[in-house]
Amino acid sequence: MISTDCWIRCAMRYEVIQTGAGRLMIVFAGWSTRPSLYRGYIRSGFDLMVVYDYSDVEFPDVDCLKEYREICVVAWSFGVAVAHRWLLSCPDLPITRTLAVNGTPWPVDDRRGIPCRVFGLTLRTLSERSVGEFRKRMFAVSDPMPDFEPVGVEHLRGELESISRMGVNDPAREDDICVWDKVIVSKSDRIIPFAGQMEAWHGHPDMTVTGGAHFPDWTQVMAMASVDKDSVERNFSHGAPTYDGAATVQRAMAACLSEIWREVSSGRRITDVVEIGPGTGLFTREYLGWLRGANLEFWDLAAIGDDLPGKKRICDAELAVRGMADNSADAIVASASVQWFNSLGRFLAECGRVLRPGGQVVISTFGRSTFHELSGIITPAATYLDADGLARLTPDAMELTMSDDGRTATVDFESASDLLRHMSRTGVNTSAASSGNVAAARRIVRQRITRLTYHPVYAIFTKKHPCR
């Protein structure tokens, strides 16, 4: 069902396509586009809201968003600059991922956006013909042009003037770029210079460079906009009976993380522990060899091993942590699971509230070279960050006690079919582009890929003690 009766103040509007889901995907549209460009890209399990018409960039009354348990945000082109300011104004919404696509927080900027001279020329010479040429440049030459809803030239001119004023009156700060969890930049962008986008996002922990046009493959964009946690649950449940035997790298990571935690926490009192993604208990059994007397609670999307001692809860950890009381835990630990989070940075910020002073977040995850053999075949649903990327996510309430880019580990297989069976047995085949995708599996077999690289990364964050 499409609802168009909600307005964001007097001019910035949105259209909602309701599917009855408890989750919402918000798309901040690019200049000159309207909801029809995005309606065909609804993610399963999400309602879709398209925000458009930036004649007035006053921010919304968010009451109509509070009914959703989870919100993901995608912004494209000039929509990035508008969404950037909106995100900073509503920190209490249950937003779990933000994705910026071929745009920057500085819409008109000689170094980090559209150069001032180019923008001024566009504004002065705006006409139906120039708008048509602009829209052609948004797409690759080989892409079919969609039908655009008609919008008057003077109205579009007003949008440009409004966006320009916003950039001057409310300048973005470089320190705020991590309000975006992920960034996509296209090398072949003919609207916002590639070099300017790279300058704007310099130092961002999770930036993907593609070869697409200003309007990239929107199916892939929407796949990257949120982890499909229903698929994660299904795949790991399916792989649980064979996981322990096949997950040799994950087993080694669990042993390594347990030893790191034991050394770093020596002498600390650990009473209340939450483990996220325990699965079959590889990591749990490692730390139970030295941790005594702690109250354990296990959170997972999939079923938790019956033999694990402690309270068990089937839940989405990113949402569940928001319900924890302040200063209520001594450790939040996770081995080889946080790569399935929508936003590790937002989760860490919540942990900074939940942990007691001196409490720790103890994690292992996978770095950027993980599964590089499959690059171009699958679009990973997981988020791979190196140690530097993890360091940039450290919230103000915490400090990074240690981080380590572990040595990469390679697993060789007799055949590509054996590789695919390994991915199935360990549940790691949850890929946005290839889960259940026969074409991707065929490409792996056709290219005779028989090796997978894992890149373990370890980190411990410690909550600071209050100033005395």
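I need the full set of residues from the stretch 316-339 which are of a type in the set (D, E, K, R), assigned to a helix (DSSP H, G or I) and surrounded by fewer than 21 Cβ atoms within 10 Å (Cβ to Cβ), in order please. Quick ask: steps written out before the conclusion?
Just the residues of the stretch 316-339 that are of a type in the set (D, E, K, R), to begin with: 316, 318, 322, 326, 330.
The next check asks that each one be assigned to a helix (DSSP H, G or I); those that pass are 318, 322.
Result: ARG322, single match.
Residue pairs whose Cβ atoms lie under 6 Å apart, separated by 6 or more positions or on different chains, with the first residue in the stretch 441-468 and assigned to a strand (DSSP E or B) and the second among the charged types (D, E, K, R), are ARG451/GLU373; ARG451/ASP412; VAL457/ASP405; TYR458/ASP404; THR462/GLU399.
Of all residues in the stretch 16-37, those satisfying the criterion of being assigned to a loop (DSSP other than H, G, I, E, B), under 24 Å from MET145 (Cα atoms) and not β-branched (Val, Ile, Thr) are ALA29, GLY30, TRP31, SER32, ARG34.
Annotation: of all residues in the stretch 246-266 being of a type in the set (Gly, Ala, Ser) and touching a Ser or Thr at 6+ places or on another chain (Cβ under 9 Å), the one that is farthest from SER424 (Cα to Cα) is SER258.
Restricting attention to the stretch 304-335, the residues that are of a type in the set (Gly, Ala, Ser), touching a Phe, Trp or Tyr at 6+ places or on another chain (Cβ under 7 Å) and closer than 22 Å to LEU288 by Cα total 3. Note on the stretch 298-311: among residues that are surrounded by fewer than 17 Cβ atoms within 10 Å (Cβ to Cβ) and among the charged types (D, E, K, R), the one that is nearest to GLU233 (Cα to Cα) is ASP306. Among the residues of the stretch 1-59, those identified as among the β-branched types (Val, Ile, Thr) and modelled with pLDDT of 90 or more are ILE26, VAL27, THR33, VAL50, VAL51. Checking GLN220, GLN197 one by one, the residue that is surrounded by 20 or more Cβ atoms within 10 Å (Cβ to Cβ) and in contact (Cβ under 8 Å) with a residue 60 or more places away in the chain is GLN197 and no other.
In the stretch 195-234, the residue that is farthest from ALA140 (Cα to Cα) out of those that are among the polar types (S, T, N, Q) and not in a helix (DSSP H, G or I) is SER226.
Could you tell me whether the stretch 127-138 includes any residue that is of a type outside the set (Asp, Glu) and either outside the structural domain of THR210 (by TED's automatic domain parsing) or touching a Pro at 6+ places or on another chain (Cβ under 8 Å) (or both)?
no
If you take the residues of the stretch 119-143 that are in a loop (DSSP other than H, G, I, E, B), more than 29 Å from the chain's Cα centre (by Cα) and not polar (S, T, N, Q), which of them is surrounded by the fewest Cβ atoms within 10 Å (Cβ to Cβ)? Per the criteria, the residue is VAL141.
Confirm whether ASN342 is in contact with a Lys or Arg (Cβ under 9 Å, 6 or more places away or on another chain), buried (at least 23 other Cβ atoms within 10 Å of the Cβ) and not β-branched (Val, Ile, Thr). Outline the logic, then answer.
Details: in contact with a Lys or Arg (Cβ under 9 Å, 6 or more places away or on another chain): yes; buried (at least 23 other Cβ atoms within 10 Å of the Cβ): yes; not β-branched (Val, Ile, Thr): yes.
Here the answer is yes, as ASN342 does meet what is asked.
The values are calculated or read from the model by the stated rules, or taken from the named source; none is laboratory data. Bear in mind that the values here come from a model prediction, so they are computed numbers and not experimental data. Virtual Cβ from ideal backbone geometry, glycine too; neighbours counted across all protein chains shown.
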